[in-house]
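Comments concern the structure below.
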Amino acid sequence: MAAAKSTRKSATAKKPATVRKPRRKKAEPKSKGLSPAEVASDSVEYPADLTDLMEAVRTDGGEVVGVYRDPLGGHPVIFAVLPIDKVVPTPYQRDLSEPHVKRLANAMERLDRFLDPVIAVRKDGVYWTPNGNHRLNASKLLGAKSIVALVLPEEDVAYQILALNTEKAHNLKERSLEVIRMYRGLVGADRQGRETDFGRLFEEPSFITLGAAYEKRPRFSAGAYHPFVKVVEDFMDLPLGEALRLREARADRLLELDDAVVGVVNTLKERGLQSPYLKNFVVARINFLRFRKDGGKPDFDSTVDRMLASARKFNVDKVNREDIGRMGGGPLEPDEEHA
């Protein structure tokens, strides 16, 4: 008994410590940004491109209500009213939720007010909004002629705002699809730079690969694979176009693994084992990374190769209801509920 206790203590002692992110240092009150007077000051000399943008707004049928500097970074912002048919969502943001649009339209109709301006950047004669697609469509549903917008002169801000939206997106599928669409938008615009240069926009490298997998298979259950993909992925020191091709190849490898896992899940179901967590259970069983003790970065292809081999020789005879019952977990992604 004493020996057993000693062994358990030894195993516990060898467990690597959890690496915690350093806490954000609290800023001194009122130590950054502009005062109200500085934000609203009309004595600031704005750059010529801002003047050109204001003229473009008027040419497009809009009206400039005013100009101010944002209180945090001092960047100029045009407060404008735009013709609603000139405003469109960015081509890479998450899909529209029709129920959300209807709920929002009903609330706006009851209030008889539109109080939340969208963000907009001018692009080829129209205005991309990276954060206002539901408000835009709710306004159109109500028959609105115009929409209030904060028009920003820098096109890159559309990508940066989308990065903020990605952090607050509803689920893993939406986050991943937004990121891969933004990635393709950058490649399509022939943006120069390496994937590592754009990491702050993508938030997490696994979202790129999972997004590419979702494009190929909309019912892909990324939640089951995200824990190990997050461990093996990193931003690549490659040009965006080249890195995108590699991401797509990795997505194909994940779908190959998913096919093998689905085969195991179907066999378990045939044996009378039913659970919404079957796929998560199988992936957890073949995920050898959960036992690793070193802090080194595992290789993506080697990891998938090993998990694929484990899935193909998975012994369903050793699985019982109690094992699956212990799996449990939090809410599943929408597509995982029917996997």
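Throughout, read-outs are computed from the coordinates displayed, never taken from laboratory work. None of the values given here were measured: they were computed from a predicted structure. Reconstructed Cβ throughout: ideal geometry from the backbone, glycine too, with neighbour counts over all protein chains shown.
How large is the direction-averaged shadow of the alpha-carbon convex hull of segment 196-237, in nm²?
Computing the convex hull of the Cα atoms and averaging its projections yields 3.1 nm².
Suppose the chain between E109 and L308 were pulled fully straight at 0.36 nm per residue; how much longer would it get relative to their current alpha carbon spacing?
66.3 nm
Are there chymotrypsin sites (Phe, Trp or Tyr not before Pro) in segment 23-115 that DSSP puts in a loop and that have at most 16 other Cβ atoms within 10 Å, and which ones?
Passing sites in segment 23-115 are F114.
List the relative contact order of segment 169-339 as a percent without decimals, with contacts defined as Cα pairs under 8 Å and 6+ residues apart.
In percent, rounded to a whole number, it is 28.
With both partners inside segment 37-156, how many of the DSSP beta bridges are antiparallel, as a percent to the nearest 5?
Percent antiparallel among DSSP bridges in segment 37-156 is about 70.
DSSP loop (so not H, G, I, E, B), at most 16 other Cβ within 10 Å: list which GluC sites (Glu not before Pro) in segment 44-96 pass both filters.
In loop regions of segment 44-96 (DSSP not H, G, I, E or B), the sparsely surrounded GluC sites (Glu not before Pro) are E45.
Of all DSSP beta bridges in the chain, what percent run antiparallel (nearest 5)?
75 percent
With θ set to phi - 60°, apply the Karplus curve 6.51 cos²θ - 1.76 cosθ + 1.60 along segment 138-155 and write out the HN-Hα couplings as whole Hz, x wherever there is a Gly or Pro.
Listing the rounded values in order: 5, 5, 5, 4, 7, x, 5, 8, 9, 9, 7, 9, 9, 8, 9, x, 9, 4 Hz.
Once you order the gyration tensor axes a ≥ b ≥ c over the Cα atoms, which shape class does segment 37-156 get: rounded for a/c under 1.5, otherwise prolate or oblate by comparing a/b with b/c?
Verdict is prolate for segment 37-156.
Compute the convex hull volume of the Cα atoms of the chain, divide it by the residue count, and report the result per residue in Å³ as a whole number.
Taking only Cα atoms, the chain has a hull volume of 208 Å³ per residue.
Which GluC sites (Glu not before Pro) in segment 141-237 pass both tests, a DSSP loop state and at most 13 other beta-carbon atoms within 10 Å?
In loop regions of segment 141-237 (DSSP not H, G, I, E or B), the sparsely surrounded GluC sites (Glu not before Pro) are E154, E155.
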